[in-house]
Structures are given as structure tokens and as C-alpha cells.
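Asker: Sharing a structure below in C-alpha cells format, with a few things to ask.
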Amino acid sequence: MLLAKPRPTPPSKQMEAFLLTAAEEAAMQAWLKGVVRITEAKLDELTPPVGSGQPEERLWACMRYGVLVGGKRFRPALMAAGYEAVTGNPDVPEDHGLWRAAAAMEMIHTYSLMQDDLPSMDNDDLRRGQPTAHKKFDEMTALLASDGLLTDAFAVLSDPQTHLDGNVRARLVSLAAVGAGSRGMVAGQMVDMLFEDSRETRTVADLARLQTLKTGALIKASVTMGAVMGGADEHLLSKLGWYAEAVGLAFQIWDDVLDATGSAAQLGKTPGKDAKAGKVTYVSLLGLEGASQAALDQVRTALGEVDHFCGESCEPLRWLAKYAVTRTR
Ligand code: GRG
């Protein structure tokens, strides 16, 4: 019998400097738990319910499956952290529009995952520890459900319940559209798909550009949207943007490390696909140690940015920068 080859473990020595103390870890986990709970309650409220017997219920069931089946809710957390950075308010009430905007970003993020999993893209069977939407339902339903999530997200962002000020709402819509659109995440996905099919040599700079678009643009939008809701001026928004770009890269580089080292049970998605497909990743270009180091460099940059302009109210932003490279899924 052939024994499965053990997967390598991610380098951990240089991570020590970044590990949160036990007290910080407990505070972050409690805070994250609150973000997850409120975001999921909002997602439940904002996604069409099933049970009325309408013929389109299959679409709604698939949308609900996509957004409610799990996920770290990293983008809502970044949004709440961006809001707190500006306002210093750690206790945002559940009926505050921030959580509607946070749910909208999770809807956009989930649409992208559902489409990324389709056979014509990454062709995956497992997502968030469950069958992908097109496996659970079917391809046509998963495509329409992802369309529904993307479009409904903009209905949520432009609703006065999200913010009373029309200028703020317009800014939220614009930031989300630019981050998710054809010069942001969708562009990154296109470049990624082309990379896969091409035999051209790729550099770390090529990869950083791709990932800044594919993963970083939505992460940046999340932080800045939270800050806009908190009343940030343009100067602060640009500083937060630098932080978010570094965190976005760290998050993606660490995703490559986890893809090379994690198991399906741990990650909730199929690991090792990139290597199998011969795809260029940070790990294939830099090795495990080099990729981990590159992720840490980005976290250092992000923390340095925050320290320039922010004290205690940026603690959640600091936690999330560290979380990006200490998470295990
Ligand atoms: C189809 C337009 C379109 C875009 C897809 C984001 C994306 C673009 C594809 C996902 C592919 C991928 C695995 C990217 C790596 C980084 C990433 C975005 C991982 C998924 O985000 P997490 O880890 O997932 O926040 P959860 O499930 O926790 O929400």
C-alpha cells in the first residue's frame, strides 16, 4: 500500500515575533467572534428567505448556501477595524449600517468564490469545508446565485439603511465597485487564468501585481469602506490604503503557504492544487521559507504604516495584519 506523503509544515521560527500574546489572542478571538456572529445575522436577514414556494427559491437557496455555509469573515472584520481606527468605537451596535455594508462585502467575496470554483475557472469540489455551490446545486444555479449576490450587494450598499448620507453611500458603492470590478478583482482573476494557460516565465513582481488585483483590491476596499463610514478624510484613507495593500499581499502569500502545507480538513478546500497544476505561486518562486519571509515583510510594512498615524484605536487592524500570516485556514 502506498502511504500518503506527509505535507510539509510551514516555517514557524520567524513567526514567533509576530505571535500575539495569549491575552491579545483571546481579545482578538472574542472580537472576531462578535464580527462573525453579527455579519452572519445580517447575511441571513439580507439574503432572500426560502419557504414561500416561489419558483425562484432554488436560486435563493443557493445564494444562502454560498454565504451562510461558513468562512472566516475576514473582509467584514477589516471593515469593522477600519471603522474603529477612525472612530475609536469598539462596540458598534448590531443595527448600525456598518454591518449591512460588511455583509455586502461578504456577498461580493462569496460571489467571487462561487465563480472561481466553477468548472470553467478553478474547477473545485470543496469550499469552506462543504461541496462547492455548483456541486451542491448545479452549474447554472451557482452562476445565477453568484450574479444575485453581486448585484444584491450594491442594493444593500445604496440603501439609506446602510448610511443616511447619500454622499457616503455613493462612496461605498464606488469603492466596492472599483475593488471588485474590471480594474480590480475581476482583472486579477483574468490575469490568473491567463497565467495558468501560459508557459511564459513569471516573476515575483508579476505575481504581486496579479494578487494585488485578485485578492488585495477587495481587502483594500473593505478597510477603506469601514473608514469612510467612520468619517475618515482623504489623507487617512490613503494611509489605510497602504496598510491594506500590504495586508492583502500578506494574506495571499500566506494562502500559497497554506495551500502547500495544509490538509483539506484544515483548509476546507482542496490543498495542493496549485502545485499539481504547475501554477506559479509565491511558494513555487521563493520556496516555503522565502514565501513565509515575504509574507512577514508585508505584515511588518502594514504594522509600520499603522504605527505612523494610529494608537489604540488601530489594535484590531494590527491583530488582523498578524492574523493574515498566523491563520491556519
Ligand atoms: C471569479 C471574479 C472572480 C474572482 C475570483 C478571490 C478570487 C477571485 C478567487 C479565489 C481564489 C483564491 C483561493 C484566492 C486566494 C485568496 C483568497 C481570496 C482566498 C479566499 O478567501 P478567504 O480565505 O475565504 O477569506 P473564506 O472562505 O474564509 O471567506
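Derivation of every value follows stated rules applied to the coordinates shown; laboratory data play no part. All values derive from a computational prediction rather than experimental measurement. A quick note on method: Cβ atoms are made from the backbone with ideal geometry, for glycine too, and the neighbour counts reach across all protein chains shown.
Asker: Determine whether the range 295-305 contains at least one residue that is in contact with a Pro (Cβ under 9 Å, 6 or more places away or on another chain), among the β-branched types (Val, Ile, Thr) and either surrounded by fewer than 22 Cβ atoms within 10 Å (Cβ to Cβ) or in a helix (DSSP H, G or I) (or both).
Answerer: Looking through the range 295-305, none of the residues is in contact with a Pro (Cβ under 9 Å, 6 or more places away or on another chain), among the β-branched types (Val, Ile, Thr) and either surrounded by fewer than 22 Cβ atoms within 10 Å (Cβ to Cβ) or in a helix (DSSP H, G or I) (or both).
Asker: While we're looking at this one, here's another question. Restricting the search to the range 65-102, which residues are among the basic types (Lys, Arg) and away from the ligand (no atom under 16 Å from the Cβ)?
Answerer: Across the range 65-102, the qualifying residue is only 100.
Asker: Then there's this: With respect to the numbered conditions (1) of a type in the set (Ser, Thr, Tyr); (2) within 24 Å of residue 60 (Cβ to Cβ); (3) in a helix (DSSP H, G or I), which one is the sole condition not fulfilled by residue 174?
Answerer: Tallying (1) of a type in the set (Ser, Thr, Tyr); (2) within 24 Å of residue 60 (Cβ to Cβ); (3) in a helix (DSSP H, G or I), residue 174 fails exactly one: (2).
Asker: In the range 274-284, what count of residues is obtained for those that are of a type outside the set (Val, Ile, Thr), more than 17 Å from residue 198 (Cβ to Cβ) and touching a helix residue (DSSP H, G or I) at 6+ places or on another chain (Cβ under 7 Å)?
Answerer: Residues flagged as of a type outside the set (Val, Ile, Thr), more than 17 Å from residue 198 (Cβ to Cβ) and touching a helix residue (DSSP H, G or I) at 6+ places or on another chain (Cβ under 7 Å) within the range 274-284 amount to 2.
Asker: May I pose another question? What residue, among those in the range 179-202 that are farther than 15 Å from residue 215 by Cβ and outside any loop (DSSP other than H, G, I, E, B), is farthest from the ligand (Cβ to nearest atom)?
Answerer: Applying the filter and picking the extreme gives 197.
Asker: If you go through the range 98-108 one residue at a time, do you hit one that is acidic (Asp, Glu), in contact with a helix residue (DSSP H, G or I) (Cβ under 6 Å, 6 or more places away or on another chain), in contact (Cβ under 8 Å) with a residue 60 or more places away in the chain and more than 30 Å from residue 309 (Cβ to Cβ)?
Answerer: Looking through the range 98-108, none of the residues is acidic (Asp, Glu), in contact with a helix residue (DSSP H, G or I) (Cβ under 6 Å, 6 or more places away or on another chain), in contact (Cβ under 8 Å) with a residue 60 or more places away in the chain and more than 30 Å from residue 309 (Cβ to Cβ).
Asker: Residue under question is residue 133, and the condition is that it be within 12 Å of the ligand (Cβ to nearest atom), touching a residue at least 12 places away in the same chain (Cβ under 8 Å) and surrounded by 16 or more Cβ atoms within 10 Å (Cβ to Cβ); does it hold?
Answerer: no
Asker: Give the residues of the range 123-161 that are of a type in the set (Val, Ile, Thr) and either closer than 17 Å to residue 109 by Cβ or in contact with a Ser or Thr (Cβ under 8 Å, 6 or more places away or on another chain) (or both), sorted by residue number.
Answerer: 132, 151, 156
Asker: I would also like to ask the following. Does any residue of the range 138-145 turn out to be in contact (Cβ under 8 Å) with a residue 12 or more places away in the chain, surrounded by fewer than 16 Cβ atoms within 10 Å (Cβ to Cβ), of a type in the set (D, E, K, R) and not in a loop (DSSP other than H, G, I, E, B)?
Answerer: Yes, there is a match, as at least one residue in the range 138-145 is in contact (Cβ under 8 Å) with a residue 12 or more places away in the chain, surrounded by fewer than 16 Cβ atoms within 10 Å (Cβ to Cβ), of a type in the set (D, E, K, R) and not in a loop (DSSP other than H, G, I, E, B).
Asker: Please verify whether the range 265-275 includes one or more residues that are of a type in the set (A, V, I, L, M, F, W, C) and in contact with a Phe, Trp or Tyr (Cβ under 7 Å, 6 or more places away or on another chain).
Answerer: Among the residues of the range 265-275, not one is of a type in the set (A, V, I, L, M, F, W, C) and in contact with a Phe, Trp or Tyr (Cβ under 7 Å, 6 or more places away or on another chain), which makes the answer no.
Asker: If you go through the range 154-175 one residue at a time, do you hit one that is crowded, with 22+ Cβ neighbours inside 10 Å, among the small types (Gly, Ala, Ser), at negative phi and away from the ligand (no atom under 13 Å from the Cβ)?
Answerer: no
Asker: So, one more: For the range 146-186, enumerate the residues that are without any contact (Cβ under 8 Å) to a residue 12 or more places away in the chain and polar (S, T, N, Q).
Answerer: 151, 167, 174, 182
Asker: Any chance you could count how many residues in the range 249-294 are in a loop (DSSP other than H, G, I, E, B), away from the ligand (no atom under 13 Å from the Cβ) and in contact (Cβ under 8 Å) with a residue 60 or more places away in the chain?
Answerer: 2
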